[in-house]
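Asks: Sharing a structure below in structure tokens format, with a few things to ask.
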Amino acid sequence: MQYDLIIRNGMIVDGSGMARYRADVGVAAGRIATIGKIREQAPEVIDAEGHIVAPGFIDAHTHMDAQVFWDPIGTCSCWHGVTSVVMGNCGFTLAPCAEKDKLLVMRNLERAEDIAPEAMEAGIKWSWETFRQYLDAVERAPKGINYASQIGHSALRTYVMGERAFTDEATPDDLEAMKRELRDAIRAGAIGFTTSRTRNHQTPDHKPVASRLANWDEVRQLVGVVGELNAGVFEIAGEDTGLNPERINDYLGRLKALAVDSGAPVTFGMFGNRKAPDYWRHYYKLADEAAAAGGRMFVQMLAKIAGVVLSFETHLPFDRLPVWREFRKLPLAEQEARLRDPEMRRKLIAAAHEPPQEDRRPVGPEARIMSYRHTFLMDRTLPPFHSIAEIAEEQGKDPVEVIIDTALDKHLKQFFFQTIGNDDLEMVLDMMRHPRAVPTFTDSGAHVSQLMDASMHSFVLSYWVRERQAFTLEEAIRMMTFVPASHWDLGRRGLLREGWAADIAIFDPERIMPLLPELAYDLPAGARRLKQKSTGILATVVNGQVLMRNGEHTGALPGKLLRNRLAASGAN
Ligand SMILES: [Zn+2]
């Protein structure tokens, strides 16, 4: 046997949940050729002694639709063992859309997902109109990891209805046109259809994104197309039912009927909420009930605390207060100098305690009015974290002073995070243990200066497996490989098996861990974003080539566009 790559002496955790065993892995022509004792040589050999050899991780909830064109290796996901991502979630895609209308779809993405329009303008060469053409553009683009895409309702609606998409109900003709383009997108390989109905998704001028103007019948008819073709999932950023039992029942009833009637697998993300500790249970129960009634449904969860990252370099919740607003316009070095001036400090601290005069509620992960009990110093990446309120009590200081002083200690390069969901890790654990849960929902590629959840996969292995021993390594790997690969039907990925794609993560189970984030101005047009790497990952392999070694890109670009079963089998 002629191998391109041999991974020797590692412990195989194959993604199925089966107990680990020691073996070599031989790779040829992008696929796993042999798992066993390999005596041959190969041009490239990795010694994985003391390491786990697992399938590469799959993140099914990302927004890398724009980023894929300027960042082929898929940071920050690629730094945490991820080898395949699914994009096009929550109704947001860059297609279908003609270049002349690109500002309309970029408007959907800009505020809802915090992707700078300058970065999109500078970083994307628009070469498509239909979704089919967009997939071809992604296929042609150089890629480090694998990308699969769903088609987004906001783009689809805007394509068919233009400006009316932001104000009107669809006419029967509009709906027929949407169905036609959706059908073609799925035949071309889209792995799902997605929408958003949450008020967290707004455009920069405080208007709902296009998909939120759709009535439920429009959603039903479009999901019907997915079911008809029997390929792809339906993902929804759900309705804001609040805690009103009638609205919850109404929405969940419609969602269940949709799953049963259409036959399309239905999925959505869910955070734990400390104010309503049992809220999430309704949705998991719904998934069980849908299955009992003959539908398919599964729940995406984030296996960590969801927090907005704050810092003087990015956003602070005080930024819109009058005194702070002026102060925050100063260059960072000047802010630092002035923060050392007692008079200025007094003014800022007093202003931070003034009652909020919010002109509007924050949407999605925008910084919120401070709750110092739920704002934490980011001096470590694994719990327990220390809240600003706790530190203030310990040091006998004002909490705002704690923020200023800890930031000054690091020349304003100190990050904090404010929880917006999943604050209770025991609740997160209950969710993770549900058989219809999938740990994903990182929003990687979006919220680039607000959130840093692309580190979820290394967090699961360091915190839930190593520190808490809440799952065996075998169980945790299965949840991040075989399970998402099966739900999104990624064809012969997500397990280490002879003949399957050679997407592999090799890591040290005693050392793997996310590192602290940092800020970089490295997006196209110099736009800023948070970056977070990890430690303990020896290498990741994508389609048989080594993509990352000790956290550094090797230069290889082996990633592929993953199309759905219909397109892959040539039936398109
Ligand atoms: Zn999303």
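Asks: Given the peptides 297-303, 18-24, arrange them by the average over their residues of other C-beta atoms within 10 Å, most packed first. Working shown, then result.
Replies: Numbers: 297-303: 23.9, 18-24: 14.9.
Taking the mean over residues of other Cβ atoms within 10 Å, the ranking is 297-303, 18-24.
Asks: Solvent-accessible area per residue for the chain at a 1.4 Å probe radius, Å²? Present the calculation step by step, with values, prior to reporting the outcome.
Replies: Numbers: 21650 Å² over 572 residues.
Dividing the accessible area of the chain by its residue count gives 38 Å².
Asks: Quick check: Cα centre of the stretch 53-79 to Cα centre of the stretch 414-458, how many Å?
Replies: Using only Cα atoms to place each centre, the spacing works out to 16 Å.
Asks: Using a cut-off of under 15 Å, list every residue of the stretch 261-296 whose amide N is near the label point 7 Å from the Cα of LEU243 along the Cα-to-beta-carbon line.
Replies: Once the point is set 7 Å along Cα→Cβ of LEU243, 272-282 turn out to lie under 15 Å by backbone N, inside the stretch 261-296.
Asks: Something else now. When the label point is put 7 Å from the Cα of ALA525 along its Cα-to-beta-carbon vector, which residues of the stretch 111-148 have a backbone N closer than 18 Å?
Replies: Zone members listed by number: 111-127.
Asks: How much length is gained on full extension from ALA333 to ASP261, taking 0.36 nm per residue of separation minus their Cα-Cα distance? All intermediate terms of the calculation are to be shown ahead of the outcome.
Replies: On the way: separation 72, 0.36 × 72 = 25.92 nm, distance 5.96 nm.
Length gained, ALA333 through ASP261: 20.0 nm.
Asks: Considering only protein heavy atoms and a 1.4 Å probe, what is the carbon-and-sulfur percentage of the accessible area of the stretch 85-200?
Replies: Of all accessible area on the stretch 85-200, carbon and sulfur atoms account for 47 percent.
Asks: What FRET efficiency, computed as 1/(1 + (r/R0)^6) with R0 = 35 Å and r the Cβ-Cβ distance, is obtained for LEU516 and ASP250, rounded to the nearest 0.05?
Replies: About 0.20, to the nearest 0.05.
Asks: For the stretch 131-148, in order, what is each residue's ³J(HN,Hα) by Karplus, 6.51 cos²θ - 1.76 cosθ + 1.60 with θ = phi - 60°, in whole Hz (x at glycine and Pro)?
Replies: With coefficients 6.51, -1.76 and 1.60, one gets 5, 4, 5, 5, 4, 4, 5, 5, 4, 6, 5, x, 9, x, 9, 8, 10, 10 Hz.
Asks: Residue-wise, which Karplus ³J(HN,Hα) couplings in Hz belong to the stretch 536-549, taking 6.51 cos²θ - 1.76 cosθ + 1.60, θ = phi - 60°, and x for glycine or proline?
Replies: Result, ordered by residue: x, 9, 6, 6, 10, 10, 10, 6, x, 10, 6, 8, 10, 9 Hz.
Asks: I would also like to ask the following. Tell me, in nm to one decimal, what length is gained between LYS347 and ASP217 on full extension, where the rule is 0.36 nm per residue of separation less the Cα-Cα distance?
Replies: Length gained, LYS347 through ASP217: 41.4 nm.
Asks: OK, next. Give the cross-link partners of LYS304 among the lysines, using a straight C-alpha distance below 22 Å as the criterion and excluding same-chain residues fewer than 8 apart.
Replies: Qualifying lysines at Cα under 22 Å: LYS275, LYS285, LYS531, LYS533.
Asks: Give me the one-decimal nm value for the distance between modelled label points at ASP508 and MET18, 7 Å along each residue's Cα-to-Cβ direction.
Replies: 2.9 nm
Asks: Under the 0.36 nm per residue contour assumption, what length would be gained going from the current alpha-carbon distance of ALA177 and VAL45 to full extension?
Replies: 42.3 nm
Asks: Name the long-range amide H neighbours of ALA539: under 5 Å, sequence gap of 5 or more, or other chain; modelled H, no Pro or chain starts.
Replies: So ALA539 has HN proximity to ILE506, ASN550.
Asks: Using only Cα atoms, locate the centre of the stretch 307-322 and the centre of the stretch 122-175, then give the distance between them in Å, rounded to an integer.
Replies: 33 Å
Asks: Tell me which aspartates and glutamates have Cα within less than 18 Å of LYS256's Cα, excluding those fewer than 8 residues away on the same chain?
Replies: Here the aspartates and glutamates satisfying the reach criterion relative to LYS256 are ASP217, GLU218, GLU228, GLU235, GLU239, ASP240, GLU246, ASP288, GLU289.
Asks: Give me, ordered by chain and number, the residues 5 or more places off VAL82 or on other chains with an amide H under 5 Å from its own placed amide H.
Replies: It is PHE57, by chain and number.
Asks: Arrange the peptides 67-80, 127-140 so that the one whose residues have, on average, the most other Cβ atoms within 10 Å appears first. Kindly include the intermediate steps, with their values, before the conclusion.
Replies: Numbers: 67-80: 24.1, 127-140: 18.7.
So the peptides 67-80, 127-140, ranked by packing, come out 67-80, 127-140.
Asks: Please report the carbon-and-sulfur percent of the accessible area for the stretch 208-360; probe 1.4 Å, protein heavy atoms only, DNA, RNA and ligands left out.
Replies: 51 percent
Asks: If amide H atoms are built 1.01 Å from N in the plane of the peptide, which residues on other chains or at least 5 residues away come under 5 Å of the amide H of ILE512?
Replies: none
Asks: For the stretch 49-134, just run the numbers: alpha carbon Rg, then divide by 2.2 N^0.38 Å, N being how many residues it has.
Replies: On the way: Rg = 15.0 Å, N = 86, 2.2 N^0.38 = 12.0 Å.
Output field value: 1.25.
Asks: Tell me whether the chain comes out rounded, prolate or oblate; compute the Cα gyration tensor, take square roots of the eigenvalues as a ≥ b ≥ c, and use a/c under 1.5 as the rounded threshold.
Replies: Note, shape of the chain comes out oblate.
Asks: Indicate the gyration tensor shape class of the stretch 428-478 (rounded, prolate or oblate), computed on the Cα atoms with a ≥ b ≥ c the square roots of the eigenvalues: a/c under 1.5 is rounded; otherwise a/b larger than b/c is prolate and the rest oblate. Walk me through the numbers on the way to the answer.
Replies: Working: a/c = 2.44, a/b = 1.68, b/c = 1.45.
Note, shape of the stretch 428-478 comes out prolate.
Asks: Starting from the stretch 417-496, pick out the trypsin sites (Lys or Arg not before Pro) whose DSSP state is loop and whose Cβ has at most 16 other Cβ atoms within 10 Å.
Replies: Loop-located and lightly packed - ARG433, ARG468, ARG492.
Asks: Right, next: With a 1.4 Å probe and all protein chains left in place, how much of the accessible area of the stretch 473-569 comes from carbon and sulfur atoms, in whole percent?
Replies: Carbon-and-sulfur percentage of accessible area, whole number: 48.
Asks: Then there's this: What are the ³J(HN,Hα) couplings of the stretch 281-294, residue after residue, when phi is run through the Karplus curve with 6.51, -1.76, 1.60 and θ = phi - 60°? Round to Hz, x for glycine and proline.
Replies: Ordered by residue, 3J(HN,Hα) equals 4, 4, 6, 6, 5, 4, 5, 5, 5, 4, 5, 4, 8, x Hz.
Asks: Could I ask something else about it? With the crude spin-label approximation of a point 7 Å out along Cα→Cβ, what separation in nm comes out for GLN469 versus GLU228?
Replies: It is 5.5 nm.
The values are calculated or read from the model by the stated rules, or taken from the named source; none is laboratory data. It should be emphasised that the depicted structure is a prediction, and the values quoted were computed from it without experimental measurement. Neighbour counts are summed over all protein chains in view; Cβ atoms, including those assigned to glycine, are modelled from backbone coordinates with ideal geometry. All accessible areas refer to the heavy atoms of the entire protein, side chains included, with ligands and DNA or RNA removed. Shrake-Rupley method; radii C 1.70, N 1.55, O 1.52, S 1.80 Å.
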